[in-house]
Amino acid sequence: MPMTSENREKHKGGRKQKADPRIHRYSINLNDEDNARFLSLFEASGMKIKAHFITVCLFEKQVKVVKIDKGTSDFYMRLTNFYGQFRAIGVNYNQVTKAIKNNFSEKKATVFLGQLEKATLELVAINKQVMDLTHEFEEKWLQK
């Protein structure tokens, strides 16, 4: 007995019916070259399901292509390590100032803190250069 809308409403067993079921099916055949091209586009899109990818392509919705550039990821890895070292310098800076304050006379402490201040100004200049280079890299090489 075919399922009519009357029978569907009365039927309470089984899985819940979808509001808009996908019942139409299409099939295509691809040669090896086209299949390789399709698979590379599919992988580049980052989607997990081929049917969703095909649907997006057919209806001309914007397809996201995610490209992972090894050079860029390398740059950010090294930049992260560099800033880790900057944080370590900050921790050491605090420890050095405490040690100077506790272990030296006021006159010697002033001399040492003056030297430490010069080194800190150099680090600030280096940090500014790094920030400028990072902005320049992002403008030139990163696609938005």
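The values are calculated or read from the model by the stated rules, or taken from the named source; none is laboratory data. What you see is a predicted model, and the numbers here were worked out from it, not measured in a lab. Because the Cβ atoms are built from the backbone with ideal geometry, glycine has one as well, and the counts that use them run over all protein chains shown.
Applying the set (1) at negative phi; (2) outside the structural domain of residue 128 (by TED's automatic domain parsing); (3) loosely packed, with under 10 Cβ neighbours inside 10 Å to residue 54 leaves exactly one unmet item: (3). Going by the conditions given, is residue 29 polar (S, T, N, Q), outside the structural domain of residue 136 (by TED's automatic domain parsing), modelled with pLDDT of 90 or more and not in a helix (DSSP H, G or I)? Against the criterion (polar (S, T, N, Q), outside the structural domain of residue 136 (by TED's automatic domain parsing), modelled with pLDDT of 90 or more and not in a helix (DSSP H, G or I)), residue 29 qualifies.
Taking region 74-132 as the range and being of a type in the set (Val, Ile, Thr) and within 22 Å of the chain's Cα centre (by Cα) as the test, the residues that pass are 80, 130. Screening the candidates 72, 134 for the property of being touching a residue at least 60 places away in the same chain (Cβ under 8 Å), hydroxyl-bearing (Ser, Thr, Tyr), assigned to a helix (DSSP H, G or I) and surrounded by 10 or more Cβ atoms within 10 Å (Cβ to Cβ) yields one hit, 72.
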